[in-house]
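Q: Would you mind keeping the following structure in view while I ask a few things?
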Amino acid sequence: MIAELDYDMMGTRLRQIGEHRIDYALFGSLPVSLGYLMLDYDRVGHRLRQVGDHRIEYDVLGTRPSHVGEHEIEYDLVGMRLRRIGDVPVEYDMAGMRVHRIGPFTVEYDRMGSRPACLVPDGDEQLDEWMCIVAFLVLEAFAPES
């Protein structure tokens, strides 16, 4: 089943991944929930610390996520792009700039090619809670600033 990605009226904030709604703080740009899962941030409010029961740990410098719960995060050789969250691989297009696949899902983009529009499964794969969390982290929370 294809999981549509919906955005706010301005087209800037991701509002839904499949059936999982993303809610934002009233006067801010930080998401506060993913479906029924609450998102928790550090005291400064810029680093995501937890998604539901999955605590997010950071590297020694505190700049780069290293674990989501018990799942290790792996980066490319340069350390800039996510390559894997737990057993879910993340692949990029030929230019290496856009996410092409997240686990068994291909990321399709809008007509302009700038914004992810949907996640297309390889077969009859469903977007379960864990895959939704991984998609959110890859596409939104851990995405490089553009």
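Q: Quick check on the range 17-56: take the gyration tensor over C-alpha atoms, sort the square-rooted eigenvalues as a ≥ b ≥ c, and tell me if it's rounded (a/c under 1.5), prolate or oblate.
A: Verdict is oblate for the range 17-56.
Q: Continuing with the same structure: Show me the trypsin sites (Lys or Arg not before Pro) within the range 1-65 that DSSP assigns to loop and that have at most 11 other Cβ atoms within 10 Å of their Cβ.
A: For trypsin sites (Lys or Arg not before Pro) across the range 1-65 that sit outside H, G, I, E and B with at most 11 neighbouring Cβ atoms in 10 Å, the list reads Arg43.
Q: Per residue, how large is the accessible surface of the chain? Use a 1.4 angstrom probe and give square angstrom.
A: Averaged over the residues of the chain, the accessible area is 62 Å².
Q: For the chain, max minus min Cα coordinate along each principal axis, in Å, sorted largest first?
A: Sorted largest first, the three principal extents are 38, 38, 29 Å.
Q: Then there is this: Over the Cα atoms of the range 6-79, how large are the radius of gyration and the largest Cα-Cα distance (Dmax), in Å?
A: So, for the range 6-79, Rg and Dmax equal 13.8, 39 Å respectively.
Q: Tell me, what % of the accessible area of the chain is carbon and sulfur with a 1.4 angstrom probe?
A: After summing per-atom areas, the C and S share lands at 53 percent.
Q: So, one more: Do any GluC sites (Glu not before Pro) in the range 58-104 lie in a DSSP loop with no more than 13 other beta carbon atoms within 10 Å, and if so, which?
A: Filter output for the range 58-104: Glu70.
Q: Can you work out D for the range 66-135 in µm² s⁻¹ from Stokes-Einstein, where Rh is the Kirkwood radius over C-alpha pairs, the temperature is 20 °C and the viscosity is 1.002 mPa s?
A: The diffusion coefficient I find is 167 µm²/s.
Q: Restricting attention to the range 59-146, which trypsin sites (Lys or Arg not before Pro) occupy a DSSP loop and are surrounded by at most 13 other Cβ atoms within 10 Å?
A: Answer by residue number: Arg111.
Q: Right, something else. Give the range of the longest stretch in the chain that excludes all chymotrypsin sites (Phe, Trp or Tyr not before Pro) found in loop regions by DSSP and having at most 12 other beta-carbon atoms within 10 Å.
A: 37-146
Q: Then there is this: How much mean residue ellipticity at 222 nm does the chain get from its helices, if each DSSP H run of length 4 or more adds -39500 (n - 2.57) and you divide by all residues, to the nearest 500 deg cm²/dmol?
A: Result for the chain, helices only: -1500 deg cm²/dmol.
The values are calculated or read from the model by the stated rules, or taken from the named source; none is laboratory data. Keep in mind the model is a prediction, meaning the values are calculated, not measured. FYI the Cβ positions are ideal-geometry reconstructions off the backbone, even for glycines, and counts take in every protein chain you see. Heavy atoms of the whole protein, side chains included, go into the accessibility calculation; ligands, DNA and RNA do not. Shrake-Rupley method; radii C 1.70, N 1.55, O 1.52, S 1.80 Å.
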